[in-house]
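Down below is the structure, laid out as structure tokens.
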Amino acid sequence: MDEAAYPECPGFQQAVISAPKTVAGDFMMITGAQCRAARALVEWTRDKLAGNSGVDALVVEEFERRISLPDREICDTLQTALESAGAVFIAENGGGIGVRLKLNRSDVKRIGVLENEGGIVGIDAVP
């Protein structure tokens, strides 16, 4: 496939899907599957992610469906938008890549009371 097949998507490139790699610390490029899972966790549609990130919904769809792989800047933008909504992306740590949801403040407080172990429990709180 090439740009002629998708004239509405300049810069289209065929997807070459691989696991995200950690580069210079904690940076990783998310996968389409992580993006789709994070959207589900924060209960966002593709259109809502597109609106909150400024990335076209068609680009999001093609990324999640492994049709094309956007450049690193677009992946960073999608990741930042989803993280601001409460998603936490997990890099390869021996157990595989993933995504989870941050706890809201009331959940953190309730867990702190139930655990009654002291220490910092609010680190995962979403404002």
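The values are calculated or read from the model by the stated rules, or taken from the named source; none is laboratory data. Just so it is clear, the model here is predicted, and its values are computed rather than measured. Just the protein is used for accessible areas: all its heavy atoms, side chains included, with ligands, DNA and RNA removed. Shrake-Rupley method; radii C 1.70, N 1.55, O 1.52, S 1.80 Å.
Out of the total accessible area of segment 28-80 (probe 1.4 Å, heavy atoms of protein only), what percent is carbon and sulfur? Provide the component values of the computation, followed by the final result.
Working: 1180 of 2560 Å².
After summing per-atom areas, the C and S share lands at 46 percent.
Residues in segment 29-34 carry Karplus couplings, in order, of 9, 6, 9, x, 5, 5 Hz; the curve used is 6.51 cos²θ - 1.76 cosθ + 1.60 with θ = phi - 60°, and Gly or Pro positions show x.
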